[in-house]
Each structure stands twice: as C-alpha cells, then as structure tokens.
1. State the number of residues belonging to region 152-188 that are within 19 Å of the chain's Cα centre (by Cα) and among the basic types (Lys, Arg).
2. Report, by residue number, each residue of region 24-59 that is among the acidic types (Asp, Glu), surrounded by 15 or more Cβ atoms within 10 Å (Cβ to Cβ) and out of contact with any Ser or Thr (no Cβ under 9 Å at 6 or more places or on another chain).
3. Looking at region 176-218, which of its residues are of a type outside the set (Asp, Glu), under 18 Å from residue 103 (Cα atoms), open to solvent by 50 Å² or more (accessible area, probe 1.4 Å) and touching a residue at least 24 places away in the same chain (Cβ under 8 Å)?
4. With respect to residue 21, is the statement that it is among the acidic types (Asp, Glu), without any contact (Cβ under 8 Å) to a residue 60 or more places away in the chain, open to solvent by 80 Å² or more (accessible area, probe 1.4 Å) and in contact with a strand residue (DSSP E or B) (Cβ under 8 Å, 6 or more places away or on another chain) true?
Amino acid sequence: ALASARPLPGGGVRLTAPGGEPLDVAVPDEICTVTVQIFRDKVEAVPAGAAADAWASDFLGVEARLRYLDAPQHRRPIKPEYARPGETVSFADAFPLLLTTAASLDALNSLIAQGDHADEGPLPMNRFRPSVVIDGVAPWAEDDWRRVRIGEVAFRVAQPCARCVITTTDQRTAERGKEPLRTLARHHRVGDQLVFGQNLVPETTGTLRVGDAFEVLE
C-alpha cells in the first residue's frame with residue numbers, strides 16, 4: 001500500500017516508498033525471460049534488474065524480484081468464458097480495466113455508517129483501486145450494464161469484481177480493518193462473492209481522458 005510505481009516519460013517507472021530513496025527503473029534492454037506465476041497462470045517476463053530487486057527487497061523485508069511484461073505473445077488470456085479470441089491481460093488481476101461509480105461508493109459509505117464499524121468510514125475510492133470512476137449515475141447502476149462507451153473507446157462489461165481482504169487496507173497507513181467487506185457481505189454480494197465495481201474488456205483501442213463522456217450501450 002505504501003510503495004508507489006509511477007510511469008516515466010518514454011517508459012519505465014519511478015519507485016518510491018516511505019523512508020527510502022526513489023529509484024528510476026528503465027524498461028529492460030535484455031530479452032531473456034523467466035517464468036513467473038500469477039495465481040494459476042504461468043507467463044514469461046523479463047527481469048527488471050538487480051537495483052530494482054534490491055530496492056523492493058529492502059522495503060518489503062523479504063526477498064523480492066521486479067519483472068517486466070510487455071510482449072503480447074507472453075500475456076495471459078482473459079478467462080475464456082468472457083473473452084474473444086486473442087484478448088489478453090498482463091499483470092492485472094483478471095481483466096484489463098476495472099470500473100466503479102462515485103454514487104455506489106456514496107451508497108456503500110452510507111451503509112457502513114449504519115453498521116458496527118462505522119468509525120472506519122467513510123472509505124475513499126482508492127480502497128478499490130479502479131481504473132475508471134464514473135460520476136453522474138445512480139447507485140449500483142453498473143450492475144445492469146453490459147456494454148459501455150467512455151470517450152472514444154467501447155467496452156464489454158464482463159462480470160462484477162469480487163473483492164478481497166486488500167480492500168480493508170488503508171492506503172495511507174497500511175493498517176487493516178473490517179470494512180468494506182463486512183458491509184458488502186450484508187448488502188451487496190453475488191452468491192458467495194462480495195462485489196464492488198465491474199470488470200471491463202475493451203472492444204476498440206483509443207485513449208481515455210479524465211472528463212470523457214460516458215454512455216451505456218446495453
């Protein structure tokens with residue numbers, strides 16, 4: 001939660017964390033890959049270098065390695081029940097993008113305020129780590145969307161995003177509580193999954209910009 005990796009112009013990332021010096025990590029020049037595992041998937045990725053490994057290991061307090069994944073042939077296929085042939089994802093959890101809405105967060109925070117752990121709220125949106133946040137819609141409206149357009153890009157709404165214990169971590173302090181999982185379990189679940197937000201698969205290419213128009217297609 002406390003470490004940050006931000007893009008650099010022309011590629012690469014700048015790593016920052018409390019108590020340490022920042023480190024700029026360039027895109028690796030070498031093409032030699034190693035096998036890494038993401039949940040049940042195994043993919044080939046390129047080592048980011050000894051300096052990045054040392055920085056991550058020092059901060060985390062465990063032996064760690066930083067890897068780079070860009071080559072399309074090494075990417076993971078999206079779940080076949082939700083993907084078309086050739087659609088892939090890289091190091092992201094399961095889908096290319098995650099959408100949430102401001103109104104649903106407001107509704108969730110209202111429910112948290114009525115519960116046993118009201119002192120933990122209101123929660124900020126960064127607990128859910130979305131790629132895209134939509135404003136100006138009704139709470140939980142995203143549960144019924146099947147296709148949407150954001151600016152110049154159309155997306156399929158693949159499935160609700162099942163939430164895990166990471167959402168209980170305060171992104172400023174790295175401390176954990178009980179919310180939002182306690183409230184999602186009572187008020188917003190699909191089967192045995194506690195859900196918030198929707199996973200998206202792009203149907204076209206293009207650039208997303210803050211303030212883009214949003215349209216529900218289906």
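The values are calculated or read from the model by the stated rules, or taken from the named source; none is laboratory data. Keep in mind that this is a model prediction, so the values were computed, not measured. Cβ placement follows ideal geometry from the backbone for every residue including glycine, while neighbour counts extend to all protein chains displayed. These area figures cover heavy atoms from the full protein model, side chains too; ligands, DNA and RNA do not enter into them. Shrake-Rupley method; radii C 1.70, N 1.55, O 1.52, S 1.80 Å.
1. 4
2. Across region 24-59, the qualifying residue is only 53.
3. Those that are of a type outside the set (Asp, Glu), under 18 Å from residue 103 (Cα atoms), open to solvent by 50 Å² or more (accessible area, probe 1.4 Å) and touching a residue at least 24 places away in the same chain (Cβ under 8 Å): 187, 213, 214, 216.
4. No: the conditions fail for residue 21.
A quick yes/no check of all residues on (1) touching an Asp or Glu at 6+ places or on another chain (Cβ under 6 Å); (2) at pLDDT 95 or above; (3) buried (at least 20 other Cβ atoms within 10 Å of the Cβ):
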site	(1), (2), (3)
90	no, no, no
95	no, no, yes
100	no, yes, yes
107	no, yes, no
113	no, yes, no
126	no, yes, no
142	no, yes, yes
146	yes, yes, no
